[in-house]
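Quick notes on the structure that follows.
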Amino acid sequence: DQQVKQNSPSLSVQEGRISILNCDYTNSMFDYFLWYKKYPAEGPTFLISISSIKDKNEDGRFTVFLNKSAKHLSLHIVPSQPGDSAVYFCAATPVLGTSGSRLTFGEGTQLTVNP
Amino acid sequence: DVKVTQSSRYLVKRTGEKVFLECVQDMDHENMFWYRQDPGLGLRLIYFSYDVKMKEKGDIPEGYSVSREKKERFSLILESASTNQTSMYLCASTLGGGGEAFFGQGTRLTVV
């Protein structure tokens with residue numbers, strides 16, 4: 001039962017263009033959503049997050065959009081740079097701060113930004 | 001600077017061996033997690049711990065056990081390694097429930 005789903009295993013974009021990575025979830029208890037970036041042979045690093053009380057959060061070139069009714073979120077990267085090439089994981093968790101609460105991850109999307 | 005350190009970057013073990021993967025965090029975090037990453041499957045939770053000596057099964061605990069004797073250290077044990085446990089293992093910690101997780105650099109385990 002995959003509660004967090006990233007349907008695109010890979011995405012290729014040109015440098016300078018927009019990258020849009022998508023994520024769907026099924027568990028209506030999820031309350032907080034995060035995106036992680038992972039380079040080969042390294043651990044994932046936190047990129048950006050959004051609480052369910054918001055529909056948008058922006059941090060520099062990265063913006064996350066949340067559509068609660070559709071149980072869908074997306075990560076926009078503008079402009080895309082070759083250094084953004086990595087695997088991106090979407091993650092979700094129920095109420096933030098609850099002891100023992102854990103992150104559920106999607107399958108990941110390999111983003112390749114071509115110079 | 002926050003840090004989660006895994007004891008080995010690469011390990012090669014034989015089928016049937018008992019394998020220990022160690023993880024240490026220096027952030028005084030309550031929660032610690034062990035995930036494995038496999039292509040097309042994302043990060044799957046094996047076990048987690050929200051307090052010393054406490055442990056909870058994740059989604060794929062079979063063939064694994066864990067130990068948390070001290071707050072900063074969380075060990076993953078493969079009781080009898082098998083080839084289907086060849087994977088990238090990632091340790092993570094969080095201050096409270098959910099929220100931003102800090103990951104170690106990963107251990108690439110190959111079981112032959």
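The values are calculated or read from the model by the stated rules, or taken from the named source; none is laboratory data. Note that the structure is a prediction, hence the values are computed from the model and not measured. All Cβ positions, glycine included, derive from the backbone under ideal geometry; neighbour counts span all protein chains shown. To get the accessible areas, we keep the full protein, side chains included, count just its heavy atoms, and leave off ligands, DNA and RNA. Shrake-Rupley method; radii C 1.70, N 1.55, O 1.52, S 1.80 Å.
General observations
- Along the axis of the charge dipole computed for chain A (Cβ charges of +1 for Lys and Arg, -1 for Asp and Glu, origin at the Cα centre), the listed residues A:72, A:113, A:12 are led at the positive end by A:72.
- Ranking B:93, B:61, B:49 by Cα position along the charge dipole of chain B, where only Lys, Arg, Asp and Glu carry charges on their C-beta atoms, puts B:61 farthest toward the positive end.
- Note on the protein assembly as shown: with charges restricted to the Cβ of Lys and Arg (+1) and Asp and Glu (-1), its dipole about the Cα centre is near 280 debye.
- For chain B, the relative contact order comes to 36 percent (Cα pairs under 8 Å, sequence separation of at least 6).
- Dipole magnitude of chain B, debye to nearest 20 (Cβ charges: Lys/Arg +1, Asp/Glu -1, about Cα centre): 380
- Placing +1 on the Cβ of every Lys and Arg and -1 on the Cβ of every Asp and Glu, with nothing else charged, gives chain A a dipole about its Cα centre of roughly 120 debye.
- Partner lysines whose Cα lies under 20 Å from the Cα of residue B:70, excluding those fewer than 8 positions away in the same chain, are identified as B:3, B:53, B:55, B:57.
- Surface accessible to a 1.4 Å probe, per residue, for the residues of chain B, Å²: 47
- Here the protein assembly as shown has an Rg and Dmax of 17.4, 50 Å, counting Cα atoms alone.
- Of all aspartates and glutamates in the structure, those lying under 17 Å Cα to Cα from residue A:38, and not within fewer than 8 positions of it along the same chain, are A:84, A:107, B:38, B:100.
- Using a cutoff of 8 angstrom between alpha carbon atoms and counting only pairs six or more residues apart, the relative contact order for chain A works out to 37 percent.
- Of all lysines in the structure, the ones whose alpha carbon falls short of 20 Å from that of residue A:68, not counting any fewer than 8 places away in one chain, are A:5, A:54, A:56.
- For the protein assembly as shown, the antiparallel share of DSSP beta bridges with both residues in that region comes to about 90%.
- Chain B against chain A buries an accessible area of about 1800 Å², both chains summed, 1.4 Å probe radius.
- Within the accessible area of chain A, the carbon and sulfur atoms contribute 51%, probe 1.4 Å, all protein chains present.
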